[in-house]
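**Q** There's a structure below that I have some questions on.
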Ligand SMILES: [Mn+2]
């Protein structure tokens, strides 16, 4: 079970007391700066307050590469301990009230008990994730050569049945969405017929789509390559869009920032999917070369800002626009809790900066073809230090002014290291 140590409200209050005066001075200074640009800091803070990001259950454990995994002390050994870590992240950051489960890694014995445990941590369940990219003990058919697109109908039926199980479980947990990602594809030219594989993919998805309860959404996640290194069936946003359109209104596309070739203009893909009415949500991470799953904003924060620039533009045109946001990272050299807290802040920061863009002025400059002034306008928003707004948000919501410092001072990790002696083979790992 989840263990006993938790960070107390008294500890948090003491942490905040020491930092509060400096924060208030910084916040007042930023308020004046923004007022000069006719921006109301309280309006900005209010908009940010409604921003929610989901934590993937597998993110609170150390990830790994194809070469090795180096687990840290006190890592969660089951879904309840994962929830405890997610609850701590939410307690300090106040931006991550949801958890995204991965089945079968997080398969509960009793869904009601799991749901109650989440609610006790102040958490709800975001999108459910099915897994047909690896074989499970006792499974009848292997996914070595694919799952939803396998040439053998019996394998496809098994993969479809797993997705239906995940939906049914999600209903009992209070989730309202499922993310389907398959690594199906080919490693060799000639191994698969590209068109036939895509037809089988769509046919399998149709069977899952038919089982969606009312109000549920199915997210399709495309990925350029890996584990299929020559050709992945759902390899890009165009394929993903076509499938989502064929399936119907309850299917939308999910953009994982790492699932693109280096230098791809991801913000433009976001704009296209928004325009076509099929943008469903995001998996945030960062990358330098491939699907590195590095921490959000650690390599290319400007790209993250430009993505949010599109999202804020979309929300202005359609107030009902509400994509799902999740972190999807692999933490190999950091404490996963620290990385997730830091990354949640980076995503919030990009959103806050995008909210600063004077969109009426930008439209004028675009109309006048004043390229440099339009670019400078975006840069000015991107270069504004919104850290005091993010810290004030956390303080007002009962979180920590400096989550990383509070976490390190709290002794949480050391306490969990003694509560959670290492167990072999738990369900977090390479993602
Ligand atoms: Mn992902």
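Values in this text are rule-based calculations from the coordinates and carry no lab data. What you see is a predicted model; the values in this text were computed from it and never measured. Neighbour counts are summed over all protein chains in view; Cβ atoms, including those assigned to glycine, are modelled from backbone coordinates with ideal geometry.
**Q** Measure out, as a whole number of angstrom, how far apart the alpha-carbon centroids of segment 121-186 and segment 310-375 sit.
**A** Cα centroid of segment 121-186 versus Cα centroid of segment 310-375: 31 Å apart.
**Q** Checking the a/c ratio against 1.5 first, then a/b against b/c, what shape does the Cα gyration tensor give for segment 216-332?
**A** Oblate shape, in that a/c is at least 1.5 and b/c is the bigger or equal ratio.
**Q** Quick check on segment 93-141: take the gyration tensor over C-alpha atoms, sort the square-rooted eigenvalues as a ≥ b ≥ c, and tell me if it's rounded (a/c under 1.5), prolate or oblate.
**A** Oblate is the answer for segment 93-141, as a/c is 1.5 or above yet b/c matches or exceeds a/b.
**Q** What is the order of 396, 172, 124, 200, fewest Cβ neighbours within 10 Å to most?
**A** By the 10 Å Cβ count, ascending, the order reads 396, 172, 124, 200.
**Q** Compute the orientation-averaged projected area for the chain from the convex hull of its Cα atoms and round it to one decimal in nm².
**A** Result: 21.2 nm².
**Q** If r is the Cβ-Cβ distance from residue 120 to residue 405 and R0 is 25 Å, what FRET efficiency results, to the nearest 0.05?
**A** My answer for the efficiency is 0.45.
**Q** I would also like to ask the following. Return the whole-Å distance between the Cα centroid of segment 17-72 and the Cα centroid of segment 395-412.
**A** When both Cα centres are located, 12 Å separates them.
**Q** In addition: Under a crude label model (7 Å from the Cα following the beta-carbon direction), how far is residue 317 from residue 153 in nanometres?
**A** 4.3 nm
**Q** With N set to the number of residues, divide the alpha-carbon radius of gyration of segment 178-253 by 2.2 N^0.38 Å and report two decimals.
**A** With N residues counted in segment 178-253, Rg over 2.2 N^0.38 Å equals 1.09.
**Q** Separate question: Just check segment 98-190 against the gyration tensor rule for me: Cα atoms, a ≥ b ≥ c as the square roots of the eigenvalues, rounded for a/c under 1.5, and otherwise prolate or oblate depending on whether a/b exceeds b/c.
**A** In terms of gyration-tensor shape, prolate.
**Q** Fewest Cβ neighbours within 10 Å first, please rank 38, 82 accordingly.
**A** Final ranking by Cβ density, sparse to dense: 38, 82.
**Q** On alpha-carbon atoms, Rg over Rh for segment 121-251 using Kirkwood Rh?
**A** Taking Rh as the inverse mean 1/r over Cα pairs, Rg/Rh reads 0.97.
**Q** For the chain, what relative contact order do you get, as a whole percent, if you take Cα pairs closer than 8 Å and at least 6 residues apart?
**A** Value for the chain: 23 percent.
**Q** Could I ask something else about it? So for segment 254-337, averaging the separation of alpha carbon pairs under 8 Å that are six or more residues apart and normalising by length, what relative contact order in percent results?
**A** 34 percent
**Q** Still on this structure, I have one more. So what is the calculated 222 nm ellipticity per residue for the chain, using -39500 (n - 2.57) for each DSSP H run with n of 4 or more, over all residues, to the nearest 500 deg cm²/dmol?
**A** Mean residue ellipticity, 222 nm, calculated: -15500 deg cm²/dmol.
**Q** Mind computing the radius of gyration and Dmax over the alpha-carbon atoms of segment 113-161? Å is fine for both.
**A** 15.4, 45
**Q** Then there is this: Which of 240, 175, 418 comes first, and how do the rest follow, when ranked by fewest Cβ neighbours within 10 Å?
**A** With the fewest neighbours first, 240, 175, 418 line up as 418, 175, 240.
**Q** Given segment 1-107, report the % of alpha carbon pairs whose separation exceeds 17 Å.
**A** I get 69 percent for the Cα pairs in segment 1-107 exceeding 17 Å.
**Q** If each residue of separation counts as 0.36 nm, what is the full-extension length gain between residue 52 and residue 265 once their alpha-carbon separation is subtracted?
**A** In short, 74.2 nm is gained.
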